[in-house]
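The values are calculated or read from the model by the stated rules, or taken from the named source; none is laboratory data. All of these numbers come straight from a predicted model, not from anything done at the bench. All Cβ positions, glycine included, derive from the backbone under ideal geometry; neighbour counts span all protein chains shown.
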Amino acid sequence: GDSVTQMEGPVTLSEEAFLTINCTYTATGYPSLFWYVQYPGEGLQLLLKATKADDKGSNKGFEATYRKETTSFHLEKGSVQVSDSAVYFCALGGVIQGAQKLVFGQGTRLTINP
Amino acid sequence: GAGVSQSPSNKVTEKGKDVELRCDPISGHTALYWYRQSLGQGLEFLIYFQGNSAPDKSGLPSDRFSAERTGGSVSTLTIQRTQQEDSAVYLCASSYRTSGGFTYEQYFGPGTRLTVT
């Protein structure tokens, strides 16, 4: 079935470091791909999305490119800040087993130290 | 505008009791989703509504779980005879229909933290 595999955490970086969180997926059909972020004590927020192959989603300095050939949607940021500390979830969305839903990866906890 | 709201924000209940969790989606969103977030299980899809009907209930973990939606708006998730393994954060999300169909972009509520003692 459809699934998402994310880089295991936790990930700890220093401020201004380069960030990559790997995400690969398995899907039948052509899903949309998403990164959601959950800041401490808050709900899930959409960070960025891509709806077709080669699309690049970007927001708040984060980027991810929908790579059909490698079935990947890796999240990157060139210079992280303490305020980026959160849990990041990669997800694919579409009609899966007859239901419109998101399938999430396990989440990656990111901590940025000053 | 107002986002997805959920109530209560926290619920502590004794094992064996029934609980009802409520979700109020964004106005105009026709699709509504329930997920469960628990340690060790990540984010798990439970059920999806299009309007008032639920095309797929297979994500519900057991027959103790049920959900309904009325008037194409508010939804309630009911858990009967709660067990300790039901302890989790229950998340509700909604989405809208675009001219090309659903975008699958879902907007999440803050969740209800359920603790079964």
Test for B:T115: is it modelled with pLDDT of 95 or more, farther than 21 Å from A:V103 by Cβ and in a strand (DSSP E or B):
yes
Of the residues in region B:59-84, those that are more than 14 Å from every other protein chain (Cβ to nearest Cβ), of a type in the set (A, V, I, L, M), free of Cβ contacts under 8 Å to residues at least 60 places away in the same chain and assigned to a strand (DSSP E or B) come to B:L77
Taking the conditions exactly as written (within 12 Å of chain A (Cβ to nearest Cβ), touching a Pro at 6+ places or on another chain (Cβ under 8 Å) and either loosely packed, with under 13 Cβ neighbours inside 10 Å or of a type in the set (A, V, I, L, M) (or both)), does B:L39 satisfy them or not? no
When restricted to A:A50, A:A27, the only residue touching a residue at least 40 places away in the same chain (Cβ under 8 Å), surrounded by 15 or more Cβ atoms within 10 Å (Cβ to Cβ) and within 14 Å of another protein chain (Cβ to nearest Cβ) is A:A27
(message) So for region A:53-69 (the condition being under 25 Å from B:L91 (Cβ atoms), within 10 Å of chain B (Cβ to nearest Cβ) and touching a residue at least 12 places away in the same chain (Cβ under 8 Å)), does at least one residue qualify?
(response) no
Counted residues in region A:81-91 being surrounded by fewer than 21 Cβ atoms within 10 Å (Cβ to Cβ) and within 15 Å of the chain's Cα centre (by Cα) come to 4
Could you tell me whether B:F49 is among the aromatic types (F, W, Y), closer than 16 Å to B:V89 by Cα and either within 12 Å of chain A (Cβ to nearest Cβ) or out of contact with any strand residue (DSSP E or B) (no Cβ under 8 Å at 6 or more places or on another chain) (or both)?
-> no
message: Yes or no: region A:52-60 includes at least one residue that is within 25 Å of B:S5 (Cα to Cα) and outside any loop (DSSP other than H, G, I, E, B).
response: yes
query: Right, A:G94: of a type in the set (G, A, S), outside any loop (DSSP other than H, G, I, E, B), within 11 Å of another protein chain (Cβ to nearest Cβ) and over 13 Å from the mean Cα position of the chain (by Cα) or not?
result: yes
